[in-house]
Amino acid sequence: MAEAEQFAAVIVDAPGLGALDYRVPEGMLLAPGDRVIVPLGTRKVPGIVTGLSPVTEVPAKKLRRVAAVLSDTIPLHAEWLALTRFAALYYQRGWGESAVPALPLFMRRAPGVRHESWLKKARAIGPAGGEPGPRPQLNDEQAEACRQVLASGGYVPWVLFGVTGSGKTEVYLHLIEETLVRDPEAQVLLMVPEINLTPQLEARVRARFPDELVVAMHSDFPDGERARSWLAVHEGRARVLVGTRMSIFASFRKLALVIVDEEHDTSFKAGDGLRFSGRDLAVWRAWKNRCPVILGSATPSIETWAKVRKGDYKLLTLTKRASAEATLPAIRLVNPNRKGARTLLTPDAAAAMEATLKAGRQVLVFLNRRGYAPVLSCPSCGWVSTCRRCSTFTVFHKGAKRLVCHHCGWQTGIPPACPKCGDPDILPKGTGTERIEEELAVRFPDRRVLRIDRDSVSTRHEAEEAFRRVHAGEVDILVGTQMVAKGHDFANVGLVVVLNPDAQMLSPATRAREQLFATLMQVAGRAGRAGAQGEVLIQTRFQDDPLFAALARQDYVAFADAVLEDRRANMAVPYVHQAMLYAEAKSLAEAEFFLTEAVEIGMREAPPEVRIYDPVPMPLMRLMNVERAQLLVEADERPALQAFLARWRQSLRARAGVEWTMEVDPLEA
Ligand SMILES: Nc1ncnc2c1ncn2[C@@H]1O[C@H](COP(=O)(O)OP(=O)(O)OP(=O)(O)O)[C@@H](O)[C@H]1O
Ligand SMILES: [Zn+2]
């Protein structure tokens, strides 16, 4: 008797498609979670088997066959399938669109001739070995935080709210250790923001657990390296994964603890593709695995703080710095407005720098703007340097002698005179890190100044080397952007000077203030992490604003509670739930026309509790010659919004020349 026919439901990375049925060729053994290659139209594409059945509703003559099964490892775990399915539903994509791109390229290609030898090498990686690194005795607050987490069972979302330098990382390491010891199969995910801290933290985790395989995943990794880590986690060989947001899609054999460090960081939100929040999916994953999740931060996001206040998340607090002698720095606000001033640095800041340097400590100067000046302009006619492809200025880079668009990378040489009126005296306007570096070199000629931003260090290796020099004391004054603000444990920085945070005070975005507060607390937290008290000096015109008042007191709770109050009064996030529909086209009119139609369709389908706003141009209206518009949708209750989005998405009509995409929980609204 012939073998009974079998049909596989397969998801592929194509918009708007559900699972497709394929005939399983005789003799091919398949299981849910297997990766396969299937024909789709005229192509052969990677897919994932989500189910098998002896029947199908697809007519026999339309049925095609599974072309190949990739049998190099065990099938994807059921929990991973559930995760990608949930992410697809939540972020309004097809299941295949969330699942297939989450795999490293290596795992979604038909194996080439060298695949076997690659696998063998990939599986050969092992623990670091050697003696475990130093293990400080936890202080009372750290110990209490660990005790509470370890005493709880099952899913509990914890917020580890600890001031800068309070030793949150030690708490993570202790919890990881306990988790690994309690269950020899347990695995841990430690997520970190998209910054250059991964190697540092990874080294620290490796050193602490020399007998366990610790792997990393970072968007800078070449695919081979990513695939190697991915495989080690999937097969249960790796016990700890340290990674950026993409690591939330790793396939774990037995996830027993999830940690999100600096949970407020916006880099946990993906800006393209599925546009997921790594932090939010981390909470879902912990829930699904019935394990604890730790969201750590000195300045939790407002969404997270709201959940703490509501009682949904449990709070763990570290109120003081961990290192015995260290205290929180003193924060001073200084008015930068001085008549006829030619320098950006105020006399107060210069004097404080002088004193700190004399005492043999380092100074960190923070300015969140790279380049020499944000724009080049003509004092006679008002011409300003702009990008040829985007609706934005080009930044003047003096060293490179270029005008560069920071959005699309377009660049051009420096014109010898104003291209509009011919005046040769065109001038840089405003200040970036390159200009302040120049000013510092003149002001402190005998000091070693190092600038760290994406222009001065462009590779992971260069960044590591730059930070090594800071730690080794080969630098007196460090100038930098966001890159130096977060996470670094500088032992000898005595003073932090913050220049011009005011630009962000003027932004209309809902989260601008919250993000500015977090950045400033972070960068301030780099001062005085060991030894004598540190000092922070902030040059701002907004000294009377409650944000700076709370900052000077380092009072996150007062700030966050006030923000929540304000958001509640104004019915803003997190008291409403939002989604954004974006449209891109050759002209703004086409993009807006698409959105106007989308509004009409939406109005017919939306229940009264869903509000649809008017289409507007995106804040950066033109990017790389594409014009962009957006449309905000809002509801008080998430289920109503989600149900509406799912229906609306199906009814949106494709228009030639218009690309559209949906984002749930947009950060930029
Ligand atoms: N119990 C402890 N005893 C002594 N030193 C400690 C202890 N815990 C942590 N430290 C040290 O204190 C410093 C700050 O710790 P860590 O970097 O973990 O803080 P953090 O809370 O993650 O800081 P941030 O949020 O500012 O990045 C580190 O040098 C760490 O080694
Ligand atoms: Zn551009």
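Per-structure values
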quantity: Index of the failed condition, L581 passing every other in (1) surrounded by 21 or more Cβ atoms within 10 Å (Cβ to Cβ); (2) over 25 Å from the mean Cα position of the chain (by Cα); (3) hydrophobic (A, V, I, L, M, F, W, C); calculated: (2)
quantity: Failed criterion for Q137 (all others in (1) surrounded by 15 or more Cβ atoms within 10 Å (Cβ to Cβ); (2) closer than 30 Å to G494 by Cβ hold); calculated: (1)
quantity: K61 being within 30 Å of W118 (Cα to Cα) and open to solvent by 50 Å² or more (accessible area, probe 1.4 Å); calculated: no
quantity: Segment 284-339 - residue that is in contact with a Leu (Cβ under 9 Å, 6 or more places away or on another chain), among the charged types (D, E, K, R) and closer than 30 Å to V497 by Cβ and, of those, nearest to ligand 1 (Cβ to nearest atom); calculated: R321
quantity: Tally of residues being assigned to a loop (DSSP other than H, G, I, E, B) and either of a type outside the set (K, R) or closer than 29 Å to H407 by Cβ (or both) across segment 443-477; calculated: 15
quantity: Long-range neighbours under 8 Å by Cβ, at least six apart or interchain, first residue closer than 24 Å to F161 by Cα within segment 123-141, second β-branched (V, I, T); calculated: L138/V171; E141/T317; E141/T319
quantity: Single residue of segment 392-405 satisfying the filter (open to solvent by 50 Å² or more (accessible area, probe 1.4 Å) and in a loop (DSSP other than H, G, I, E, B)) that is farthest from ligand 1 (Cβ to nearest atom); calculated: K401
quantity: Filtered residue count, segment 126-168, keeping only those that are among the aromatic types (F, W, Y), outside any loop (DSSP other than H, G, I, E, B) and either within 16 Å of ligand 2 (Cβ to nearest atom) or within 21 Å of K288 (Cα to Cα) (or both); calculated: 1
quantity: Exclusive hit being assigned to a helix (DSSP H, G or I) and out of contact with any strand residue (DSSP E or B) (no Cβ under 9 Å at 6 or more places or on another chain), set E177, E194, E202; calculated: E177
quantity: Single unsatisfied condition, R309 versus (1) basic (K, R); (2) over 24 Å from V149 (Cβ atoms); (3) in contact with a helix residue (DSSP H, G or I) (Cβ under 7 Å, 6 or more places away or on another chain); (4) open to solvent by 50 Å² or more (accessible area, probe 1.4 Å); calculated: (2)
quantity: Residues of segment 386-414 that turn out to be closer than 22 Å to E438 by Cα and in contact (Cβ under 8 Å) with a residue 24 or more places away in the chain, as a count; calculated: 10
quantity: Condition check for A341: of a type in the set (G, A, S), closer than 28 Å to G162 by Cα, more than 16 Å from ligand 2 (Cβ to nearest atom) and outside any helix (DSSP H, G or I); calculated: no
quantity: Test: residue in segment 113-120 that is in contact with a strand residue (DSSP E or B) (Cβ under 7 Å, 6 or more places away or on another chain) and surrounded by 14 or more Cβ atoms within 10 Å (Cβ to Cβ); calculated: no
quantity: Residue match in segment 219-232 (condition: within 14 Å of the chain's Cα centre (by Cα), of a type outside the set (D, E) and more than 29 Å from G33 (Cβ to Cβ)); calculated: no
quantity: Any hit, segment 363-374, residues being under 27 Å from Q539 (Cβ atoms), in a helix (DSSP H, G or I), in the same structural domain as L499 (by TED's automatic domain parsing) and away from ligand 1 (no atom under 16 Å from the Cβ); calculated: no
quantity: Number of positions in segment 262-313 that are assigned to a helix (DSSP H, G or I), basic (K, R) and over 20 Å from L175 (Cα atoms); calculated: 3
quantity: Residue within segment 619-637 that is over 28 Å from C387 (Cβ atoms) and in contact (Cβ under 8 Å) with a residue 60 or more places away in the chain present; calculated: yes
quantity: Candidates R279, R239 - the one that is under 22 Å from A99 (Cα atoms), assigned by TED's automatic domain parsing to the domain that holds S152 and touching a strand residue (DSSP E or B) at 6+ places or on another chain (Cβ under 8 Å); calculated: R279
quantity: Segment 526-545 - residue that is out of contact with any helix residue (DSSP H, G or I) (no Cβ under 9 Å at 6 or more places or on another chain) and buried (at least 20 other Cβ atoms within 10 Å of the Cβ) and, of those, nearest to R338 (Cα to Cα); calculated: A527
quantity: Cross-chain or 6+ apart pairs with Cβ under 6 Å, segment 648-667 first and at pLDDT below 90, then buried (at least 18 other Cβ atoms within 10 Å of the Cβ); calculated: R655/F594
quantity: Boolean, V181 is touching a Leu at 6+ places or on another chain (Cβ under 9 Å) and more than 16 Å from ligand 2 (Cβ to nearest atom); calculated: no
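One line per residue, one yes/no per condition, for (1) touching a helix residue (DSSP H, G or I) at 6+ places or on another chain (Cβ under 9 Å); (2) β-branched (V, I, T); (3) open to solvent by less than 20 Å² (accessible area, probe 1.4 Å); (4) in the same structural domain as V365 (by TED's automatic domain parsing):
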{"site": "Q411", "(1), (2), (3), (4)": "no, no, no, no"}
{"site": "P419", "(1), (2), (3), (4)": "no, no, no, no"}
{"site": "V442", "(1), (2), (3), (4)": "no, yes, no, yes"}
{"site": "R447", "(1), (2), (3), (4)": "yes, no, no, yes"}
{"site": "R451", "(1), (2), (3), (4)": "yes, no, no, yes"}
{"site": "V470", "(1), (2), (3), (4)": "yes, yes, yes, yes"}
{"site": "V475", "(1), (2), (3), (4)": "yes, yes, yes, yes"}
{"site": "Q482", "(1), (2), (3), (4)": "yes, no, no, yes"}
{"site": "V497", "(1), (2), (3), (4)": "yes, yes, yes, yes"}
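The values are calculated or read from the model by the stated rules, or taken from the named source; none is laboratory data. Bear in mind the structure is a predicted one, so any value in this text is a computation, not a measurement. Neighbour counts run over all protein chains shown; Cβ positions are idealised from the backbone, glycine included. Note: areas computed on protein heavy atoms with side chains; ligands, DNA, RNA excluded. Shrake-Rupley method; radii C 1.70, N 1.55, O 1.52, S 1.80 Å.
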